[in-house]
Structure formats: C-alpha cells, structure tokens
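Structure first, commentary second.
The values are calculated or read from the model by the stated rules, or taken from the named source; none is laboratory data. It should be emphasised that the depicted structure is a prediction, and the values quoted were computed from it without experimental measurement. Using ideal geometry, Cβ is built from the backbone for each residue, glycine included, and neighbour counts are taken over all protein chains shown.
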C-alpha cells in the first residue's frame, strides 16, 4: 500500500510541478507564490485522501487466513478450505494478491512450493503454484537395481487453479456451510523423462501422461463460540487422476477421494490445525522402487504476527513415497498478503 501511495503522490506532484510552465505560457496571471500555495494545498489534500483510503482498507482487512496449500489454493498445507484467500472488502472488485513459500522435509523426500493467489468480487479465487519435489534416494536406488541413470533428482509440478463460491456461508438465513467448487490443471516437468529413461517402466504399471485435472468440492463451517474461540471444520471430495498429487504423473482413471481439516483459534494470533487427505493410485508396484501410496495427514500451528503475514509450522505423515516410507515430515510456510 505504501508503494501505491508513493506512486500516486509522485504523479500528482509531477502535475503540479508543470503548473509554472503553463503560467509562463499565458494560462494564468496569478502570482506564482499563490500558485505554489495552491499546489501544495491540493497535494496535501490528496495525500490525506490516500491515507484515509489505506486506513479504511486496513480496518476492513481480516487476518492472513486461510493459508496456501502446496497446490496454491486457500487451505491448510495439503487440503483446501471453502474460504478464499485474501478476498478484500465487500465494496472492492478485487482483493490484493497473496504470496507464500512452503517447505516440507521428510526423511528422504522434500517439497518446495511457491504460490500466488488473487480473489475477485469475493467469489472467485485464481492461483498458481510451482512445486519442486526432491526424489531423494530414488536415482541411486534405480541405478543400483537396473544400472540405469534416470538423469535427475527432482521433478516440478505446476498448478493453475480456479475456485468459486457456490453457496456463501449462512445463506438464506440458515446455518449452511460455505461451499466452494474448484478445478486445477497440473503439469509435471520431469516424470516423462524418468519414464523414458526407465524404458517405459512407469507406463507399464499405469502411468499415462504428465498432466491432468483435479476437481474439488469443499464445504467449511465456522463455529464462533467453542470454548469462547472459533472452530473451523472442513470436509470435501476430490476427483483426480493424479498419483502422489501429480509428482509421479497421472493415470487415465478418475477416483473420488475424501479430505478434511479443522482449525481452532487458541488465541487471536495463534491457531491449531489438523488435516487428512485420502489418496489412491492406479499404479502397480515396482518392489523397492515404486510402492503403493498411503493417505496423508498433518498437524500444525499458525502464527499471525500481523494482518498481512502468517507463519506456520507443521508435522505430518506421508507413508510410502516411491522407494521410501516417510513416517515423519516437517513443514514450514510463510505467507504474505498485500
């Protein structure tokens, strides 16, 4: 907001700086001192209006919640909520952007995700996330088992998402949850190369392509007086062809999976959260290299130092991830909302 204020103030200042030129050209015969006083007065008035607009926006802005999932949508870390990220005041067409960086470190695997989102007319959230998945020991394990070098230690997954509010919370003066529907396009950069290096081994067990779509339907309800604190409960369903969220590519069969989360405000600036994400796979096994994936869950704490920032730490269980079993994973996220 300070950057916007500075730019607007600079533009107005430039316009007033050109007034003496107009005077010399015969635009007016007023005393230059009067013009300078008038110019400064208008500039001060404009600056006060900008300050008032900023103050009004700050007074209407809520906390920096929800977080970003590693897919980039508003949620916890691995599951969405029905609330949209940084929707802005009701009288604004668009909220301001939100940015986040997330790091998940398991025993042998890791994920770094960078996301940006924007909400329009309080009803539509568009977002994008780029996630790097470090495959850890997989390259060495494949080389030891087959003498083949797969040529890389990571893949990238790009997520382009659109979500819209179908039913706002408490619609029709009834205690309805907020219901949001979403679609995500996912593109994997790297898994196709790994499959070709393995002579199509992934194709033989069910891999079809390096891109796919996820469809989600999510419901969230706020309960504001649970031991005098707010409790948020979320449940949803996902239709997807993705394997390991898309980090290992996509099959050609959609499956419906369940996901849920909760968030509870221990204090106005400290939240406790937990989540569960059911996972399924069409891939067969390659013993020791590609094992059947398991459901994921996480628990964590979210700190809200200001209305613009959130800092989250979490612990999770990921189960089988390719060639290793990840029973313990640590996560951290920093999110900033303009």
Segment 283-320, residues that are touching a residue at least 60 places away in the same chain (Cβ under 8 Å) and either in a loop (DSSP other than H, G, I, E, B) or surrounded by fewer than 17 Cβ atoms within 10 Å (Cβ to Cβ) (or both)
283, 284, 285, 288, 289, 306, 307, 308, 309, 318
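Return the total of residues in segment 45-86 being part of a loop (DSSP other than H, G, I, E, B) and at pLDDT below 90.
5
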Out of (1) modelled with pLDDT of 95 or more; (2) within 17 Å of the chain's Cα centre (by Cα), what's the single condition that is false for residue 338?
(1)
Can you find a residue that is assigned to a loop (DSSP other than H, G, I, E, B), touching a strand residue (DSSP E or B) at 6+ places or on another chain (Cβ under 7 Å) and closer than 20 Å to residue 306 by Cα anywhere in segment 96-110?
yes
Please give the strands (runs of 3 or more DSSP E) falling wholly within segment 135-246 in which 2 or more residues are touching a residue at least 24 places away in the same chain (Cβ under 8 Å), in contact with a helix residue (DSSP H, G or I) (Cβ under 9 Å, 6 or more places away or on another chain) and surrounded by 18 or more Cβ atoms within 10 Å (Cβ to Cβ).
154-167, 178-189, 211-226
